[in-house]
Amino acid sequence: MTNKSIKNKSIRLRIIFLIILVFTLVLVFFSYFLKDFITGVEQDLGKKMVLQHAIINKEKALSHFTQNLNLVKRSLLNNTYQDWMKNNDNEKFKTKAIQSVKKDCQVIDCYGWFILSIAPLTSIDWNKESNTIKTVPLKLEENSWLPKKLKENNEFYVDADINTIDGNTYVFFDYIVRENDQVIGTVGSYALVSTITNQLLSTSNQDILDVLIDNHGVFRTSLNENTSRYHPSLSKFLSNKEWHQVIGDDLDKSSLIKLKNNTNSHLVKTIDIRINEVNYIAAIVYIEEIEWYAMSLFSKEAMEGSIVILPLFLVGTLLLFSVIALTLYFLNKLVFKRLIVMNKSVNNIALGNYKDLIKDCRSDELGTLAQGINTMSQEISKNLSKIKSQNNALNDAIDKANAANNAKSIFLSNMSHEIRTPMNAVLGFAEIGRNTKVLFEKDDSLEQIQRSGEHLLQIINDVLDFSKIGSKQLELEKISFSFSAILKKITQICKSDIDKKNISLNFLLDDSIPSHLIGDPLKIEQIIINLVSNAIKFTEHGSIDINTRLKRQNENNVIIELSVKDTGIGITPEQQKNLFIAFSQADNSITRKFGGTGLGLAISKQLVEMMGGEITLKSERDKGTEFTFTIPLTYSTEKLEKKIEESADFDLVKLKAALYGKKILLVEDNRINQIVAKKTLEPLSISIDIAENGLQAVEKMKNNTYSLVLMDIQMPELDGLQATEQIRMFDNDTVIIGMSAHASIQDTEKAIKSGMNDYMTKPIKQKTVFLMISEYIF
């Protein structure tokens, strides 16, 4: 116990030592980098200051020249200048122009005013100092600046230039006067550069010098005693200096050009420059409206020492040691002591003691860890019971899996029986019919073969339907139908089975059910037939009642309830649990006695649920069973074009006459199916050509004329869909009817999309073939 305590204390001391070491290193690095940090802060402050000054000077310049622009525009409102520019040899216009020059210069309060006509090149100039008007004819070759300015297509321009007469440098403000998009002259004012700089570069900050850079890249400073009193020597040094003289060739004006070419007038450039052995921070702002630059300089030396380091260092050291002390205190209270308690608890868990829990209710990480240790202790104590429970569940799952496998085995056995029974009848009666010479015995054998074949087809359809539903490949149709027609058809289908058992089949149809429902009538018919066939199978006497009721109706939808009630053997509650499960029946004895695949009710339930309804049952042993299902449907007040197929008669003689002398092309690769198709079409007495694949069909269509093509889908070399597509490239008139064992809606859609006129599924009945041919021949 003592050794553990010593170890715990030594770990605690190591952590404390590590914390002190880390904080000491932080203090050393803090003191080392403090000066550089403060210097950087000072430099950033300096950059912000010069940047702000440069932007202010830009706004001042824009305000000054915008005022000039507005006054010049106002002087043009009476068209006095324009009249002279267009007729400068007219004395009347000239006199008016001179009067306006004197007046406008006094209004603007400028040094001088001028107007210039283009054709011919003549100027009128007046300034306050001489107070005289000068009318001077100009030569274009002596004023090369003018064409260049006119080509720039600006509204105005501001130019700093030296007057060749008095040697002074002036700032010229020229406004371009246009008439009908043609330049007829310029109007403007001018003032001494010193006047402009004295007005715009007044500053109260003794650490910053403001400078303007004109359109020629020449530095313009204020030499006024009031504005340059803090930097007289620097102002004088920079005055009239060119760019390369101040900054040198290292920057080669590239940054300045980028400012000029950029459309963002707020773009600035901050640079470090050295003038007269003094380091400056300079901010340059491009004034795009006049193509000048505003520049402000700030001495780095003036900024150094503005932030006092020693008090900051002392305060930082004091705070650092305070943090160390508080950190150690809280570490001991919030971490070390609690870790010792947790260590003890973990040791108890390792020894098998799960009852002593940690009493730590804090919501921090260690509190969460303590709760986790408590949870772990509780979970470990439950593991044995959980393992036992899981083993029981696993055994149950194994039992269910075995039961499912057993159900599938029984289903396969039943399927074998169900398939072999009609198959045995087919083969047996085929042999009887072949061996007998009595005609009625042959007819009876053929009838039994047909019934057994239909029974076998129904079994196959049930299995395929269940497979499609399980793989979600079964789609529901939405066509118009009548409930009364479905019930009438079911009566015809079930009549023979009802008569054999001497039981009655009763129908009750709710008259309020709309006549034109929209849904999938074949699937609804399949559900009802499954339920009625089930009732017939298990009812030996009494009756079977089919009742329909309109349960609910609104503007567009109805909910129909249909029940099938029998007086059969009934179903026990235990048997009802597995009744809607695939491959199962109430019990195996029922399968042996009554037969069946065990898929009918499973398919019915899934079809009802696909339609958005539900199916239920009520049953009592030896008294009967009632199945009830509801389905939501839409309805229409008018009958739609597409409807459920109903039996129809056709005139064989008329059909035979219509096809007289014509040919049909049969495209079928299977020899037996060829024989069946030819025998089926034999009553029509029509010529039949046979193609064994799609390639032969295309070739025969190119070389012959046919009234009708019966096209198999699945064939070697070229299938029926591809063959139809190729035929439709040169023949769009011949009727092509597809034939295939594929029976899904998607298969029908593919056939129609390929160019076929219609589609029928195998096995094909003669009446179905004749009906479809009649539809397209007549």
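The values are calculated or read from the model by the stated rules, or taken from the named source; none is laboratory data. Note that the coordinates shown come from a computational prediction; the quantities given were computed from them, not determined experimentally. Note that we place each Cβ from the backbone using ideal geometry, even for glycine, and neighbour counts take in every protein chain shown. These area figures cover heavy atoms from the full protein model, side chains too; ligands, DNA and RNA do not enter into them. Shrake-Rupley method; radii C 1.70, N 1.55, O 1.52, S 1.80 Å.
Return the total of residues in segment 98-118 being open to solvent by less than 60 Å² (accessible area, probe 1.4 Å) and in a loop (DSSP other than H, G, I, E, B). Total satisfying the criteria: 3. Meeting the requirement of 3 or more residues that are open to solvent by less than 80 Å² (accessible area, probe 1.4 Å) and modelled with pLDDT under 65, the helices (runs of 4 or more DSSP H) wholly within segment 217-288 are 254-261.
Kindly indicate whether any position in segment 727-738 is assigned to a strand (DSSP E or B), small (Gly, Ala, Ser) and touching a Ser or Thr at 6+ places or on another chain (Cβ under 8 Å). Yes. Within the set 347, 383, the sole residue that is surrounded by fewer than 11 Cβ atoms within 10 Å (Cβ to Cβ) and either in contact with an Asp or Glu (Cβ under 8 Å, 6 or more places away or on another chain) or modelled with pLDDT of 75 or more (or both) turns out to be 383. Inside segment 341-397, residues that are assigned to a helix (DSSP H, G or I) and either touching a strand residue (DSSP E or B) at 6+ places or on another chain (Cβ under 9 Å) or on the phi > 0 side of the Ramachandran plot (or both) make up a count of 0. Within segment 763-778, track down each residue that is open to solvent by 40 Å² or more (accessible area, probe 1.4 Å), touching a Ser or Thr at 6+ places or on another chain (Cβ under 8 Å) and assigned to a helix (DSSP H, G or I). Within segment 763-778, 766, 777 meet the criteria.
Restricting the first member to segment 91-106 and to residues that are closer than 8 Å to residue 80 by Cβ, and the second to residues that are assigned to a helix (DSSP H, G or I) and open to solvent by 40 Å² or more (accessible area, probe 1.4 Å), the beta-carbon pairs closer than 8 Å and six or more apart or on different chains are 93/83; 96/83; 97/83.
This table checks each residue for (1) within 30 Å of residue 711 (Cβ to Cβ); (2) surrounded by 13 or more Cβ atoms within 10 Å (Cβ to Cβ); (3) at pLDDT 65 or above.
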{"residue": "574", "(1), (2), (3)": "no, no, yes"}
{"residue": "582", "(1), (2), (3)": "no, yes, no"}
{"residue": "592", "(1), (2), (3)": "no, no, no"}
{"residue": "596", "(1), (2), (3)": "no, yes, no"}
{"residue": "603", "(1), (2), (3)": "no, yes, yes"}
{"residue": "607", "(1), (2), (3)": "no, yes, yes"}
{"residue": "610", "(1), (2), (3)": "no, yes, yes"}
{"residue": "644", "(1), (2), (3)": "yes, yes, no"}
{"residue": "671", "(1), (2), (3)": "yes, no, yes"}
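So that you can scan it fast, the table gives a plain yes or no per residue for (1) open to solvent by 70 Å² or more (accessible area, probe 1.4 Å); (2) of a type in the set (A, V, I, L, M); (3) under 19 Å from residue 692 (Cβ atoms); (4) in the same structural domain as residue 676 (by the TED database):
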{"position": "709", "(1), (2), (3), (4)": "no, yes, yes, yes"}
{"position": "712", "(1), (2), (3), (4)": "no, no, yes, yes"}
{"position": "718", "(1), (2), (3), (4)": "no, yes, yes, yes"}
{"position": "723", "(1), (2), (3), (4)": "no, yes, yes, yes"}
{"position": "729", "(1), (2), (3), (4)": "yes, yes, no, yes"}
{"position": "733", "(1), (2), (3), (4)": "yes, no, no, yes"}
{"position": "736", "(1), (2), (3), (4)": "no, yes, yes, yes"}
{"position": "739", "(1), (2), (3), (4)": "no, yes, yes, yes"}
{"position": "751", "(1), (2), (3), (4)": "no, yes, no, yes"}
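Among the residues in segment 683-696, are any in contact with a helix residue (DSSP H, G or I) (Cβ under 6 Å, 6 or more places away or on another chain), surrounded by 15 or more Cβ atoms within 10 Å (Cβ to Cβ) and not in a strand (DSSP E or B)? The answer is yes, given that some residue of segment 683-696 is in contact with a helix residue (DSSP H, G or I) (Cβ under 6 Å, 6 or more places away or on another chain), surrounded by 15 or more Cβ atoms within 10 Å (Cβ to Cβ) and not in a strand (DSSP E or B). Out of 364, 356, one residue alone is modelled with pLDDT under 80, open to solvent by 70 Å² or more (accessible area, probe 1.4 Å) and either assigned by the TED database to the domain that holds residue 602 or closer than 30 Å to residue 15 by Cβ (or both). It is 356. Scanning segment 697-707 for residues that are surrounded by 17 or more Cβ atoms within 10 Å (Cβ to Cβ) and in a loop (DSSP other than H, G, I, E, B) yields a count of 2.
Counting the residues of segment 87-97 that are of a type outside the set (Asp, Glu), assigned to a helix (DSSP H, G or I) and surrounded by fewer than 17 Cβ atoms within 10 Å (Cβ to Cβ) gives 2. In the set 756, 760, only one residue is assigned by the TED database to the domain that holds residue 673, part of a loop (DSSP other than H, G, I, E, B) and modelled with pLDDT of 85 or more; that residue is 756.
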